[in-house]
Structures are given as C-alpha cells and as structure tokens.
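Taking it in order: structure first as structure tokens, then the write-up.
Please treat every number below as a calculation from the coordinates, not as lab data. None of the values given here were measured: they were computed from a predicted structure. Cβ: placed from backbone, ideal geometry, glycine included. Neighbour counts: every protein chain shown.
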Amino acid sequence: MIRRTKIIYFSAILLVICLLLYNNHVAKNQGMTKAGNVQPEYVNVDEFGANGEDSKDDSESIQRAINYSQKSKIGKVKLLGNKNYILKSGLVLAEGVELEFGQNTRLLIDGNFQAIIVKKNASITNGIFEVADENFDSDVIYLDGNQKFWSWDRTQIKNVTILNTSGSHKGTGLHLYAGGSDQYICFVNFSDMKIAGFHTGVKLKAKKPEDNKYSFINGNRFINLTLDDCISCIDMNSSVSVPNESSGNDFSGLQIQVSKNTKKAITVSGSDNKFEGIIWDVHLLGEDKPIINFSKDSMRNSLYSNIGSKYIEDNGEYNYYSSPEEKTLNLK
C-alpha cells in the first residue's frame, strides 16, 4: 500500500513537471504579451484591443502594440489570421520593430494620412494595405531620409501588396524622401511587392538642401516589383548628382501593367539607375507616345525591357536602353 502511494505521488509530480514544460513551450510559441511571465517571441495586436473583425478603428491598439514591442525589446508585432484591421490614423513603425502580417491579413486605410512611417531598422513582412477611401491622397508606406538609412541597417519591406480600390487613382504606394541636409536612404531592400491603383506607384524624391550639404536616395534594391493601373508607375525626382540625387537604384524583375489611366511608366532623374523587366499592353494607351522619360537631369541610366524606342523620351546624357528591335546608346 505504501509503495503504491509513492508511485501515485511521484506520478503526480511528473505530471505537474510535464504540464509546466508544456505551458512554457506554448507561451514561447504563441507570443504571450505583457501579461505573461516568459519573454515572448512577438506581440499580438489583438491583446492590445485590436479586433480585425468589426468596424472599430484599430489604429491606437496597433500603435500601442508597436510601442510596447520596442520598449520591451521583443521587436516583433503580428497581425494574425485573414482579418481586416481598420486604420483611421497613421502608424509609426518604431525603430527595431518588425511588423508581420498573416499572408492575407488586410489593413484597411480609412482617411487621408500617411498610413505607416517606417523608422530605421524597422521592417514590414506580408499582408495587404488597402485604400478604400477616395479622399486618400497621401503615402501608404513612407521612409524619410532624416533616419539616415545605411548599409548596416536591417530595414526591409517584403511580400507586401498595396492597393487603392477606391477608383480615385490618388496617393502614392511607396514613397522614399530625402528633403534636408545630410538626409539619405541607401541600401534598403524592397522585395516581392505589388502596387496598384495609385497616382504614383513608387516615388523617390531627393530635394536640394538649403545649405551646402547633401541629400540622396542611392543604392536601393527593388526586386520583383509589380505595378498595375497607376498614373505614374515609377517617379524619380532629383538632380543628376549631388547635392541632391537618386542614383544607383536597381529595379530587377520589374512588371508594369499599364492601363488607360497610365501617363508614365518610368520617369528617371539621377544617374546609374537600372531598370530590368516587362511593360505590358502599351496599346491600351491608344497612341505611340513616350511612357518612359529620361529627364534632363539623368545620366548613365539603363533600361532593359520589351519597349521600343518610340515609347522612350531621352533628354539626358549617356542613357542606355535596349528593346527587341534595336539597341540605342544616347551620346549627347
């Protein structure tokens, strides 16, 4: 009888240990937040009041989750499931925080504001950003050169879809801006992105500083970028070189689908930028007019595409463009 009691006693202890180990494993892998005792792998926005299944504004809840993730050094925030979260005011993705969506999680942008400002060493993975408000005329994802993005930073945007389904063709999907002294965005990777329905799909703008210093947007990679039904698909606005330039940016695996709304597929300023990809259905524009523009402030840029020279206007110097019918080198 005593022996049997001991066996039951030790079995109970073993069961308790197993349960504690299991709960610890679950806590780690399910992303416990501020209420848990174990350092979580991520912060779940739902635990901060976001819902994703009703008409409530989720902006404040998502921002609080981001802020907590940075302060606690967890470094990751997740929006899980095939939910539709509503954004009625802009988010600031704090330094060092990764915002990860479920593959089909949707962020619905309701209003006119910069939807998400990305700080240094922050990143966005997966998900859909959708503008359904016809009054929207701002930026969905915005990077500012005042953060001084550089090669050793971990900033990246990948596998993101950005849509304007309102029919307005306003706003900008992705905007990189350097607008002051010693501001720059360099060596950031943007991969597997789809942008559709905006006035401008991707905008790179380097504004001349008021002093004698520089602002520049250089050396960024745009890999497997799809642009659809935008008035201006890619717009690069700068001088040819310093003090304000957009140079050495690489667009590879580019797919551009023009529509009757498209005015320009690519507008290029700066130097040594490279574009490689396909531009679809230019016949939809109704006439043979240039949809690629190398501005007077462009030099040594290259375009490898299926587009003939009649669709290209070159006002710069030493720009190179190839097509199925010919290869042309402008030597002005």
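Placing +1 on the Cβ of every Lys and Arg and -1 on the Cβ of every Asp and Glu, with nothing else charged, gives the range 152-214 a dipole about its Cα centre of roughly 180 debye. With springs only between Cα atoms under 10 Å, which of 88, 73, 208 fluctuates most in a Gaussian network model of the chain? Looking only at 88, 73, 208, the biggest GNM fluctuation is shown by 73. Its Cα centre serving as origin, the chain has a Cβ charge dipole (Lys and Arg +1, Asp and Glu -1) of approximately 1500 debye.
Here the calculated FRET efficiency for residue 165 and residue 191, from their Cβ-Cβ distance with R0 = 22 Å, stands at 0.40, rounded to the nearest 0.05.
Among 283, 169, 199, the largest mean-square fluctuation in a Gaussian network model of the chain (Cα springs under 10 Å) belongs to 283.
Could you please rank 318, 184, placing first whichever residue has the fewest other Cβ atoms within 10 Å of its Cβ? Mind showing how you got there, number by number?
Values: 318 17, 184 20.
Arranged by neighbour count, lowest to highest, 318, 184 become 318, 184.
Once the Cα-Cα distance is subtracted from the 0.36 nm per residue extended length, the residue 278 to residue 263 segment shows a gain of 3.7 nm. Between 0 and 90 degrees, the angle of helix 59-71 with respect to the longest Cα principal axis of the chain falls at about 70 degrees.
To the nearest 500 deg cm²/dmol, what mean residue ellipticity at 222 nm is calculated for the chain from DSSP H runs of n ≥ 4 alone, each contributing -39,500 (n - 2.57), summed and divided by the residues? Mind showing how you got there, number by number?
Details: 2 runs with 42 residues, N = 332.
Here the helix-only value at 222 nm equals -4500 deg cm²/dmol.
GNM remark for the chain: springs join alpha carbons under 10 Å apart, and the peak mean-square fluctuation among 47, 98, 130 falls on 47.
Grab the beta carbon distance between residue 255 and residue 313, set R0 = 22 Å, and tell me the FRET efficiency rounded to 0.05.
Details: r = 22 Å, r/R0 = 0.99.
It comes to 0.50.
The C-alpha atoms of the chain define a longest principal axis, and helix 2-30 lies at about 20 degrees to it.
What Kirkwood hydrodynamic radius, in Å, does the chain give when the mean of 1/r is taken over all pairs of distinct Cα atoms and then inverted?
Numbers: mean 1/r = 0.0461 Å⁻¹.
When all Cα pairs of the chain are included, the Kirkwood radius is 21.7 Å.
Placing dummy labels 7 Å off each Cα toward the beta-carbon, the span from residue 223 to residue 55 is 4.3 nm. DSSP beta bridges confined to the range 111-329 are antiparallel in about 5 percent of cases.
Modelled label positions at residue 125 and residue 67, each set 7 Å beyond Cα in the direction of Cβ, lie 2.6 nm from each other. Each of 186, 233 was scored by other Cβ atoms within 10 Å of its Cβ. Arranged with the fewest first, they read 186, 233.
For the range 77-102, the residues whose amide N sits under 15 Å from a probe point set 7 Å from the Cα of residue 154 along the beta carbon direction are 77-78, 94-100.
At 0.36 nm per residue, and after removing the present C-alpha to C-alpha distance, how many nm does the segment from residue 210 to residue 302 gain when stretched out fully? Show your work: numbers first, answer last.
Working: separation 92, 0.36 × 92 = 33.12 nm, distance 3.05 nm.
That works out to 30.1 nm of additional length.
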